[in-house]
Amino acid sequence: MDPVVIVGAGPTGLVLAIECVRRGLPIRLIDEKRGPSTHSKALAIHARSLELLEKTGVVSSFLEEGIRVEEIVLDCKGNEESLSFKKLDSPFPFVLFLPQSRTEELLLSYLQELGGEVEWEKSLLDIIDGKALVSTPSGEKKVLEASWIAGCDGGGSRVREAAKIPVKKSRYTQSFLLIDAVVDKGGDFDAPHLFFGSKGMGLTFPIDQEKLRLVFPQPQTSAEALTNEEIETLLQARGYPKKIQIKEVLWHSYFHHKRMLATTFQKENIFLLGDAAHLHSPLGGQGMNTSIQDAWNLAWKLALVAKGASPPTLLESYTEERLPIALALLKKTSLLTRVIFSLQKIAPSLLFRSLAFFLHSKKRRKKLTHVVSELAIHYPDSSITSEPKRNEDWNGPKPGERAPDVVLDNGKHFFSESITPKHLLLLFSDKHDFIKAIEEEYGEVMEVKVFQDQNFREKYAAGPDSLFLIRPDGYIGYRSQKVKIEEVISYLLKIFTPISQRRKS
Ligand SMILES: Cc1cc2nc3c(=O)[nH]c(=O)nc-3n(C[C@H](O)[C@H](O)[C@H](O)COP(=O)(O)OP(=O)(O)OC[C@H]3O[C@@H](n4cnc5c(N)ncnc54)[C@H](O)[C@@H]3O)c2cc1C
């Protein structure tokens, strides 16, 4: 088959490339840059991304290098509040801080281990009849045959333009001053801080043991470099709670708040992912994390369709599932940005008190950490998630929800014990007489696992006759409290083309 042409080797393109290669799909991954990026951009990797990176097989190198942050501290003139991630229902109850340049390097070296490569200095110029027209390093133009073209080429996406996919966008007046600096570590800098002083607020995040990212919501005044003393004064005016010495400014820039959403993420054989599909305020550190999930959502669907194991209509569920997630994210981050900007200047301590009040409720804290860590993402209205009859009384994870992790009776995690690029059919008794038939017909795309642990049954509110079908990206595709095989088969026929049918055609 023709390769999947992936345009852009940022985090989105790299994750998509890895997931395609792992599933045996041929790829061409091109990028117009001369080599890997050196910009620290995204620092925060959230729990859901780490869960997916574990499935990808690369999470251990991230955990070795990144800084684990369990809580974010809010400080206003000595009054402290905090937001803790320690109770997240995930094997990764923290936010991992790692510069995006390292994230990309780790992904690239894993792709190379799997036999993949980036073709640098190749730029997508146009898309003609579903094929990619690219320029090569020597300036020639070449046509790349493509089964599909994946636009992972960032906010100014050429793929999006070539496909003539319209966007909805707005640009706001708010901007953030971002500074990466080497600092004198006068204390413990590992916890990110939000601080509120007489002249507004600021944020700090760890980059590594001696570097910090400083963020100040404020309008752009000049592009000139700030002196170390000016930054120290700014920190004090914004209420930074510690004595700090800036030793070297590595980089500074203004980040303007803008919103952009493509009206569809698929047109014919062209897909948009990551920043090419959606752009939003950097508050909450969601951009790269959402992009990784786009790549995961699409990769397994492409692989099934490429093998002929699923009908091409399965691919429509990519836009159906991911566009509403991006839209909700745009709305939430825009609202938050506007509230913060309007209050931080005129009444920073009121903003602190409002946030502290919000965080006093255990329920709201839990909800907020689940949203920020992206564990709350789910696809309840997707046409490819279902159950025989809507069953609101059953407390087990619902169709479209993330299948939760369970610590098994042997102390191991269900997530790490069930890593597979296939669907997972989860049963709670080995007495079912249909297991062998399912394995014969669907074994190529599905693994059957029987868990009889008490912990498992409780977490999934499952009885011996319950069944869950978990998708490769870890969401519940189908569930049944009391399994009836004809109902399961009717769901499977919607998603997969059975092997016996493929042999006939
Ligand atoms: C300062 C800053 C801080 C941020 N902090 C966070 C954070 O903490 N957490 C978070 O989740 N997100 C954060 N983000 C957002 C995050 O960086 C982006 O969401 C992420 O980079 C998107 O990845 P991408 O691969 O989709 O696009 P990009 O990273 O933009 O990669 C696109 C790639 O496509 C290539 N390309 C472009 N056009 C072409 C073409 N025509 N042909 C071939 N190649 C092409 C480019 O060279 C580039 O390598 C931050 C962003 C910034 C700027």
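The values are calculated or read from the model by the stated rules, or taken from the named source; none is laboratory data. Given the structure is predicted, the values throughout are model-derived calculations rather than measurements. Don't worry about glycine lacking a Cβ; one is built from the backbone with ideal geometry, like all the others, and counts go over all protein chains shown.
Among the residues of the range 84-108 satisfying the criterion of being touching a residue at least 60 places away in the same chain (Cβ under 8 Å) and in a helix (DSSP H, G or I), which is surrounded by the fewest Cβ atoms within 10 Å (Cβ to Cβ)?
Here the answer is SER101.
Just one of (1) modelled with pLDDT under 90; (2) surrounded by 18 or more Cβ atoms within 10 Å (Cβ to Cβ) trips up LEU469, so point out which.
(1) is the only condition that LEU469 fails.
Where residues in the range 198-208 are more than 16 Å from GLU71 (Cα to Cα) and in contact with a strand residue (DSSP E or B) (Cβ under 8 Å, 6 or more places away or on another chain), which of them is farthest from the ligand (Cβ to nearest atom)?
Going through the qualifying residues, I end up with GLY200.
Mind counting the residues in the range 1-57 that are in a helix (DSSP H, G or I), among the hydroxyl-bearing types (Ser, Thr, Tyr) and either farther than 30 Å from ARG68 by Cα or in the same structural domain as LEU315 (by TED's automatic domain parsing) (or both)?
Final tally of qualifying residues: 1.
Which residue out of ARG22, ARG48 is more than 10 Å from the ligand (Cβ to nearest atom), charged (D, E, K, R) and within 27 Å of PHE205 (Cα to Cα)?
Going through ARG22, ARG48 in turn, the sole match is ARG48.
For the list (1) in the same structural domain as ALA162 (by TED's automatic domain parsing); (2) surrounded by fewer than 21 Cβ atoms within 10 Å (Cβ to Cβ), I need the number of the one condition that ASN79 fails.
Exception for ASN79: condition (1).
Could you give me the residue pairs with C-beta distances under 6 Å whose first residue belongs to the range 3-22 and is closer than 17 Å to PRO421 by Cα, whose second residue is modelled with pLDDT under 95 wherever it lies, and which are 6+ apart or on separate chains?
If the second residue must be modelled with pLDDT under 95, the pairs left are ARG22/PRO421.
With the requirement that a residue be part of a strand (DSSP E or B), touching a Pro at 6+ places or on another chain (Cβ under 9 Å) and farther than 22 Å from SER253 by Cα, what does the range 159-196 give you?
Once the filter is applied, which keeps residues that are part of a strand (DSSP E or B), touching a Pro at 6+ places or on another chain (Cβ under 9 Å) and farther than 22 Å from SER253 by Cα, the range 159-196 yields nothing.
Are there any helices (runs of 4 or more DSSP H) wholly within the range 380-463 with 2 or more residues that are assigned by TED's automatic domain parsing to the domain that holds LYS494, free of Cβ contacts under 8 Å to residues at least 60 places away in the same chain and not charged (D, E, K, R), and if so which?
Counting at least 2 such residues, we get 435-442, 454-459.
Can you pull out every residue in the range 1-16 that is under 14 Å from ALA146 (Cβ atoms) and more than 6 Å from the ligand (Cβ to nearest atom)?
Passing the criteria: MET1, ASP2, PRO3, VAL4, VAL5, ILE6, LEU16.
Can you tell me which residues in the range 260-271 are away from the ligand (no atom under 16 Å from the Cβ) and over 20 Å from PRO3 (Cα atoms)?
THR263, THR264
I'm trying to understand the selection: among the residues of the range 334-348, which are surrounded by 16 or more Cβ atoms within 10 Å (Cβ to Cβ) and farther than 13 Å from GLN286 by Cβ?
Listed by number, the residues that qualify are ILE340, PHE341, LEU343, GLN344, PRO348.
Out of all the residues in the range 290-297, is one or more at pLDDT 95 or above and within 30 Å of PHE196 (Cβ to Cβ)?
Yes; the residues of the range 290-297 include at least one that is at pLDDT 95 or above and within 30 Å of PHE196 (Cβ to Cβ).
Every residue in the range 110-126 that is touching a residue at least 24 places away in the same chain (Cβ under 8 Å), under 27 Å from the mean Cα position of the chain (by Cα) and either more than 24 Å from ALA44 (Cα to Cα) or surrounded by fewer than 20 Cβ atoms within 10 Å (Cβ to Cβ) (or both), please.
Passing the criteria: LEU114, GLY115, GLY116, GLU117, VAL118, GLU119, TRP120, GLU121, LYS122, SER123, LEU124.
Checking the structure you have, find out if any residue of the range 272-288 is under 21 Å from the mean Cα position of the chain (by Cα), away from the ligand (no atom under 12 Å from the Cβ) and among the hydroxyl-bearing types (Ser, Thr, Tyr).
no
Among the residues that make up the range 295-302, is at least one of them within 16 Å of the ligand (Cβ to nearest atom) and touching a His at 6+ places or on another chain (Cβ under 8 Å)?
no
Yes or no: the range 138-153 includes at least one residue that is near the ligand (Cβ under 9 Å from one of its atoms) and outside any strand (DSSP E or B).
Within the range 138-153 (the criterion being near the ligand (Cβ under 9 Å from one of its atoms) and outside any strand (DSSP E or B)), the answer is yes, since at least one residue qualifies.
Just to be sure I understand, how many residues within the range 495-505 are of a type outside the set (Val, Ile, Thr) and at pLDDT 95 or above?
1
Quick grid of which residues meet (1) more than 17 Å from PRO192 (Cβ to Cβ); (2) within 14 Å of the ligand (Cβ to nearest atom):
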{"position": "ILE18", "(1), (2)": "yes, yes"}
{"position": "ARG28", "(1), (2)": "yes, yes"}
{"position": "THR38", "(1), (2)": "yes, yes"}
{"position": "LYS41", "(1), (2)": "no, yes"}
{"position": "GLU70", "(1), (2)": "no, no"}
{"position": "PHE85", "(1), (2)": "no, no"}
{"position": "PRO99", "(1), (2)": "no, yes"}
{"position": "GLU105", "(1), (2)": "yes, yes"}
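For the subset of the range 241-259 comprising residues that are within 24 Å of the chain's Cα centre (by Cα) and among the charged types (D, E, K, R), which member is nearest to the ligand (Cβ to nearest atom)?
In this case the residue turns out to be LYS258.
For GLU81, work out the one condition from (1) in contact with a Pro (Cβ under 7 Å, 6 or more places away or on another chain); (2) of a type outside the set (Gly, Ala, Ser); (3) assigned to a strand (DSSP E or B) it doesn't fulfil.
(1)
Please go through the range 228-283 and pick out each residue that is on the phi > 0 side of the Ramachandran plot and in a loop (DSSP other than H, G, I, E, B).
Those that are on the phi > 0 side of the Ramachandran plot and in a loop (DSSP other than H, G, I, E, B): GLY239, GLU268.
Suppose the filter is more than 28 Å from LEU52 (Cα to Cα) and not in a loop (DSSP other than H, G, I, E, B); does GLU487 pass it?
When the stated conditions are applied, GLU487 passes them.
For the range 193-204, state whether one or more residues are in contact (Cβ under 8 Å) with a residue 60 or more places away in the chain, out of contact with any helix residue (DSSP H, G or I) (no Cβ under 9 Å at 6 or more places or on another chain), of a type outside the set (Lys, Arg) and farther than 30 Å from GLU19 by Cβ.
Yes: the range 193-204 contains one or more residues that are in contact (Cβ under 8 Å) with a residue 60 or more places away in the chain, out of contact with any helix residue (DSSP H, G or I) (no Cβ under 9 Å at 6 or more places or on another chain), of a type outside the set (Lys, Arg) and farther than 30 Å from GLU19 by Cβ.
Among the residues of the range 308-333, what is the count of those that are outside any helix (DSSP H, G or I) and surrounded by fewer than 16 Cβ atoms within 10 Å (Cβ to Cβ)?
2
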